[in-house]
Amino acid sequence: MKRILLLLLSATTIAAHSQKTLSTVNTVKPKKGQKMAFEAAYKIHVSKFHKADEKLNVYEIMSGPSAGYYHLVNYGKAFADFDNERADANAHSLDLDKTFFPYLEDTRNGTFRYIDSLSFNSENNKAEKFVVTVSHLKQGLNIADYRKELARGIKIYKMFNTNFWNNLSLSYYEQLWDGNDQVTVSIRNLKEGFKSLEQGYYGQAPAGTPGFRDLYTKEYGGTAWDDRVKLMEGAVVSSEQYIMRLRKDLSSE
């Protein structure tokens with residue numbers, strides 16, 4: 001299965017950089033038997049080069065075919081930031097060559113953009129555990145129509161008033177400069193940890209509570225619902241889902 005570059009970015013970071021919604025992501029896998037050595041070396045690297053500027057969040061994949069990979073996320077960037085080179089670029093690169101790359105089996109990178117209008121309750125979210133869904137969209141798909149339907153879905157979510165929906169938090173991202181393979185990432189932010197995935201954790205909705213389809217057809221009509229189903233079913237070529245956790249001990253403070 002094709003492994004994907006993911007952006008995992010806390011909503012608190014987004015709030016702090018509301019005009020800077022881009023992040024660069026390096027995805028790495030340590031060599032067998034080198035996990036702890038990699039972590040020890042990377043902690044030192046972060047303390048030297050990523051405490052004041054170019055801050056990083058580090059996330060670890062915990063399930064699926066990419067389990068054991070880490071995402072090193074340089075967050076809060078605008079397009080103008082790509083014109084700037086860090087003042088200590090040579091020293092930073094030399095340190096990576098000596099203390100970082102020797103421990104790795106695989107590396108790759110990508111750039112992602114957070115889209116607030118297609119996210120739900122992601123502001124002020126402080127989750128450290130996540131469920132991530134990566135989708136590869138059909139080539140030639142009208143992305144404007146796809147985003148329109150996602151936005152309609154967010155509007156419907158906001159109509160619910162139950163414990164589950166009030167605690168649901170989703171963050172949406174699109175990968176930039178990804179050629180013909182349009183990749184989107186939807187992250188469910190688990191403020192109360194993985195235990196909140198248990199069925200019934202937030203209780204049951206009161207009897208007679210309308211479902212998503214009920215509210216959607218009331219708002220947009222039955223024909224619009226049929227169009228939505230057709231669009232959404234044909235939009236995604238393949239998808240992958242797994243759980244992740246923030247590694248605060250490896251991240252910038």
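The values are calculated or read from the model by the stated rules, or taken from the named source; none is laboratory data. Being a predicted model, the structure only gives us computed values, none of them experimental. Note that each Cβ is placed from the backbone with ideal geometry, even for glycine, and that neighbours are counted across all protein chains shown. These area figures cover heavy atoms from the full protein model, side chains too; ligands, DNA and RNA do not enter into them. Shrake-Rupley method; radii C 1.70, N 1.55, O 1.52, S 1.80 Å.
Numbers for the structure displayed
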{"item": "Among residues of segment 202-253, those that are within 30 Å of His45 (Cα to Cα) and surrounded by fewer than 12 Cβ atoms within 10 Å (Cβ to Cβ), counted", "result": "3"}
{"item": "Pair list, Cβ under 6 Å, 6 or more apart: segment 19-38 residue over 21 Å from Arg108 (Cβ atoms), other residue among the aliphatic types (A, V, I, L, M)", "result": "Lys20/Ala78"}
{"item": "Candidates Arg86, Arg108, filtered to the one that is surrounded by fewer than 15 Cβ atoms within 10 Å (Cβ to Cβ) and under 17 Å from the mean Cα position of the chain (by Cα)", "result": "Arg108"}
{"item": "Residues of segment 65-91 satisfying the condition of being of a type in the set (A, V, I, L, M) and either within 22 Å of His45 (Cα to Cα) or touching an Asp or Glu at 6+ places or on another chain (Cβ under 8 Å) (or both)", "result": "Leu72, Val73, Ala87, Ala89, Ala91"}
{"item": "Residue satisfying all of: in segment 115-131; in a loop (DSSP other than H, G, I, E, B) and of a type in the set (S, T, N, Q); modelled with the lowest pLDDT among these", "result": "Asn124"}
{"item": "Output for segment 197-231, where each listed residue is modelled with pLDDT under 95 and among the hydrophobic types (A, V, I, L, M, F, W, C)", "result": "Ala205, Ala207"}
{"item": "Residue count, segment 49-66 (criterion: in contact (Cβ under 8 Å) with a residue 40 or more places away in the chain, aliphatic (A, V, I, L, M) and either closer than 14 Å to Asp249 by Cβ or exposed (fewer than 13 other Cβ atoms within 10 Å of the Cβ) (or both))", "result": "2"}
{"item": "Checklist (1) at pLDDT 95 or above; (2) open to solvent by 30 Å² or more (accessible area, probe 1.4 Å) applied to Ala15, failing item", "result": "(1)"}
{"item": "The one condition in (1) under 22 Å from Asn180 (Cβ atoms); (2) open to solvent by less than 50 Å² (accessible area, probe 1.4 Å) that Ile154 fails to fulfil", "result": "(1)"}
{"item": "All positions within segment 182-201 that are in contact (Cβ under 8 Å) with a residue 40 or more places away in the chain and open to solvent by 40 Å² or more (accessible area, probe 1.4 Å)", "result": "Gln182, Ser186, Arg188, Lys191, Phe194, Leu197"}
{"item": "Extreme residue, farthest from Ala235 (Cα to Cα), among residues of segment 151-186 that are of a type in the set (Phe, Trp, Tyr) and in a helix (DSSP H, G or I)", "result": "Phe164"}
{"item": "Of all residues in segment 187-216 being among the acidic types (Asp, Glu) and outside any helix (DSSP H, G or I), the one that is farthest from the chain's Cα centre (by Cα)", "result": "Glu198"}
{"item": "Out of Tyr70, Tyr103, sole residue that is in contact with a strand residue (DSSP E or B) (Cβ under 9 Å, 6 or more places away or on another chain), surrounded by 15 or more Cβ atoms within 10 Å (Cβ to Cβ) and under 20 Å from Glu253 (Cα atoms)", "result": "Tyr70"}
